[in-house]
Amino acid sequence: MASPTQKFQQNRAAAEGEAEMSFIDHLEALRWHIIRSAIAVVVFSLIAFFNKKFLFHDLLLAPSRPDFWTYQMFCRVGHFFGSTGPCEDQVHFIIQNREMSGQLAMHISTSFIAGICLTFPYLFWELWRFIKPGLYPHERKNSQGAVFFVSILFILGLLFGYYIAAPLSIQFLADYNVDPSVQNQMDLQSYFSTLTTMTLSCAFVFELPMIVFFLAKAGLVTPELMILYRKHAIVVILIIAAIITPPDISAQIIVTIPILLLYELSIYIARAVRRDRTAELNAELARTQGTGAA
């Protein structure tokens, strides 16, 4: 039988062998991560495909109807501040399909996008499982909860895009006309493109705090740098809000405010990361000095 020392040496050698994976081993590991991710996307895409009524009528086409939650809430807010405008029939357009296979193609592509959105936390978890073995122990410790916070921010961004950014854009573009005699009849592809672009754009913009977190961990971003370029960041945020929203001042302000709050939160995160790194360096320095003195 092997002695405890020999067992320790064997386990250490095995661990070192796992850490020193060859390029082919990395490709093999990546292949299985991709396969599992693809299976998850296909499964949830099929679930979305076979729930056509909920996916389209109850979810994606809801912002095209005047009884949508966002329109009703803005109506109530308007009445609270003394607005006397009508709240019914707020959207004035007809959605049309002009291609023979347009609805089937839209059904397939939209189900695939829904599958990706539903599996995004799992997809990021698979990516994290692939990256994690290559990190140092302290890097793994500092990155705990990354999957959770990335997923939460993605979901919050989706909800903000679906309930705020997309309805404001749809309402503005649907009501806009160059002459009262021109009736708005939206193409199916155009409607879903606007809806998905607005929603997914907000979902990825909401990842700003996590992006700053990892950049601060890498030493590429500091709170002083973010404060110094805050004015420039505000201009960039206004440009982003103008891109993902229609040329409506109220809509741009509504979208700009949460992005500005995310930027301020990112400054706080960068400051907290630097504080933790300073504490770790001080502890390491004290430990080194204590060892030298001994």
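Among the residues of the stretch 217-236, those that are closer than 21 Å to Ala279 by Cβ, part of a helix (DSSP H, G or I) and open to solvent by 70 Å² or more (accessible area, probe 1.4 Å) comprise Glu224, Leu225.
Being modelled with pLDDT of 80 or more and under 30 Å from Leu104 (Cα atoms) holds for only one residue in Asp187, Asp179, and it is Asp187.
Candidates Phe56, Phe112, Phe68: the one that is open to solvent by less than 60 Å² (accessible area, probe 1.4 Å), closer than 19 Å to Leu200 by Cα and modelled with pLDDT of 85 or more is Phe56. Remark: pairs (first residue in the stretch 158-181, within 12 Å of Phe68 (Cα to Cα) and open to solvent by 40 Å² or more (accessible area, probe 1.4 Å); second residue assigned to a loop (DSSP other than H, G, I, E, B) and modelled with pLDDT of 80 or more; Cβ separation under 8 Å; 6+ apart in sequence or on different chains) are absent. Can you run down the residue pairs with Cβ atoms below 9 Å, 6 or more apart or on separate chains, where the first is in the stretch 253-277 and open to solvent by 30 Å² or more (accessible area, probe 1.4 Å) and the partner is among the aromatic types (Phe, Trp, Tyr)? Taking only residues 6 or more apart or on different chains, the pairs are Ile269/Phe213.
No other residue among Leu281, Leu262 is modelled with pLDDT of 90 or more and part of a helix (DSSP H, G or I) apart from Leu262.
In the condition set (1) over 24 Å from the mean Cα position of the chain (by Cα); (2) over 26 Å from Val255 (Cβ atoms); (3) among the charged types (D, E, K, R), Arg129 is compliant with all but (1).
The values are calculated or read from the model by the stated rules, or taken from the named source; none is laboratory data. As the structure is a prediction and not an experimental result, all values here were calculated from the model. Using ideal geometry, Cβ is built from the backbone for each residue, glycine included, and neighbour counts are taken over all protein chains shown. In case anyone asks, the SASA skips ligands and DNA or RNA and just uses the protein heavy atoms, side chains included. Shrake-Rupley method; radii C 1.70, N 1.55, O 1.52, S 1.80 Å.
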